[in-house]
Amino acid sequence: MTRRAVVKGIGHYLPRRIVPNAEFEKTLDTSHDWIVARSGIERRHFAGEGETTSDLATHAAKAALDNAGITGDQIDAIILATSTADMTFPSAATMVQNNIGNTTGFAFDIQAVCAGFTFALANANALIASGQADRVMVIGAETFSRIMDWTDRSTCVLFGDGAGALILQAQEGDGTSQDRGILATDLNSDGRYRDLLYVDGGVATQNTGVLRMQGKEVFRHAVEKLAQTAENALRKAGLGPDDITWVVPHQANIRIIQATAKKLGVDMDRIVVTVQDHGNTSAASIPLALSVAVQRGQIKPGDLVLTEAIGGGLAWGAVVIRW
Ligand code: UT7
């Protein structure tokens, strides 16, 4: 028998304010048509005044608890993937822990930028597989609207805010690829590429800073590395592209999603796409897309789901889950 981390509940939250591309035409030399053609993004949500990452995460966490039919005090660990935590410390995860009424578990943030949710899933899986936790909440939540340079048309039109949460629970499986739960993970990073995508502030500069990106270079790395990590994770699970029911990729750019799908040999009708409605929500993009796909009736129990993401670091990874 093998201890597996099986999905027990999922939920998401998007801030109320929806910002269509046309809004950027008022202040920047850009157009709805350019943004759609180059990224696939049509609109995104921005957090309201005073609304923080832990607020968004708490809404998503409560939705996931409701979906699982459990309460916050029944969670052993909370892992929150984010690059936009409310404060330098304490972690946003401990704020969520407090908001859902949990005092007996442990909570911490993970920072792997847009790949954060894959890193968080891999860590949750390790906690469950090793017997250190039975029930783990994994959250991706971001307020990237707080770290935008609103005069930089090449970045500020791409990102959005939101949160998604997943509850994983220990369950015995047979140790085969037919088991439900996380079947394989693949994590990577390479700090030589730090200048391709970063925020030009932080503790060292004593200001928060804004996002800087060499978009074309990130794009080039993205397609190559996403296909590679996806293939690695599938191989570790003893599976191949034909076994996949749904690919849920990081939602950064429709052209990256399409090019990676082609490289993997998976048709677009098996790819979950939400980038048109959410923009790039960094670590929140995969749990948001998973939750939306479940709501749409796309992902069902027993489906084989592959997630993959890349972001600043560079850091990238993939996770294979039987839903
Ligand atoms: O989640 C982390 C991972 N991040 C990503 O995956 C992002 C990866 N990169 C991308 O998605 C794309 O590179 C972008 C969407 C950022 C840009 O698309 P691109 O096809 O690579 O365009 P480009 O950077 O080569 O720019 C083409 C032109 C440039 O003008 P010139 O130099 O050709 O005159 C840009 O200045 O488009 C211009 N441009 C814009 N024009 C209108 C850049 N941004 C805009 C804009 N509106 N918003």
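Taking each of 8/216; 8/236; 236/300; 216/300 in turn, the alpha-carbon distance tops 28 angstrom for 8/216; 216/300.
What whole number of Å gives the distance from the Cα centroid of segment 161-179 to the Cα centroid of segment 193-226? Between the Cα centres of segment 193-226 and segment 161-179 lies a distance of 30 Å. With N counted as the residues of segment 175-323, its alpha-carbon radius of gyration over 2.2 N^0.38 Å works out to 1.08. Think of a 1.4 Å ball rolled over the protein heavy atoms: segment 2-173 then has 40 Å² of accessible area per residue. The helix-only estimate of mean residue ellipticity at 222 nm for the chain, built from DSSP H runs of length n ≥ 4 each weighted as -39500 (n - 2.57), is -9500 deg cm²/dmol after division by the residue total.
Model label sites at residue 108 and residue 22, defined 7 Å from Cα along the beta-carbon direction, differ in position by 4.8 nm.
With a simple spin-label model that places each label point 7 Å from the Cα along the Cα-to-Cβ direction, the separation between residue 29 and residue 220 comes to 2.5 nm. In the chain, taking the dipole from charged Cβ atoms about the Cα centre, the farthest positive-side position among 78, 215, 159 is held by 215. For the chain, the square roots of the Cα gyration tensor eigenvalues, ordered a ≥ b ≥ c, give a/c of at least 1.5 with a/b no greater than b/c, which places it in the oblate category. Stretching the chain fully between residue 195 and residue 268 yields a gain of 23.1 nm (0.36 nm per residue, less the alpha carbon separation).
What residue among 64, 21, 35 has its Cα farthest toward the positive end of the dipole of segment 21-78, where the charges are +1 on Lys, Arg and -1 on Asp, Glu, each on the Cβ? Going by the Cα projections, it comes out as 35. Oblate is the label for segment 83-235, because a/c, from the alpha-carbon gyration tensor with a ≥ b ≥ c as root eigenvalues, is 1.5 or above and a/b does not exceed b/c.
Treating r as the C-beta distance of residue 245 and residue 203 and R0 as 45 Å, the FRET efficiency rounds to 0.55. Computed about the Cα centre, the dipole magnitude for segment 2-173 is approximately 380 debye when only Lys and Arg (+1) and Asp and Glu (-1) carry charge, each at its Cβ.
Computed packing ranks the peptides 66-73, 287-294 as 287-294, 66-73, most packed first, by mean other Cβ atoms within 10 Å. In this label model, residue 37 and residue 236 are separated by 4.0 nm, measuring between points 7 Å along each Cα→Cβ vector. At a 1.4 Å probe, what is the % contribution of carbon and sulfur to the accessible area of the chain? After summing per-atom areas, the C and S share lands at 47 percent.
Extension gain, residue 154 to residue 89: 0.36 nm times the residue separation minus the Cα-Cα distance gives 20.4 nm. Note down the Stokes-Einstein diffusion coefficient of segment 2-173 in µm²/s, whole number, using a Kirkwood radius over alpha carbon pairs, 4 °C, and 1.567 mPa s. Rounded, D is 77 µm²/s.
This model, with +1 at the C-beta of Lys and Arg and -1 at the C-beta of Asp and Glu, gives the chain a dipole about its Cα centre of some 380 debye.
The values are calculated or read from the model by the stated rules, or taken from the named source; none is laboratory data. Since this is a predicted model, take the numbers as computed values, not measurements. Virtual Cβ from ideal backbone geometry, glycine too; neighbours counted across all protein chains shown. Just the protein is used for accessible areas: all its heavy atoms, side chains included, with ligands, DNA and RNA removed. Shrake-Rupley method; radii C 1.70, N 1.55, O 1.52, S 1.80 Å.
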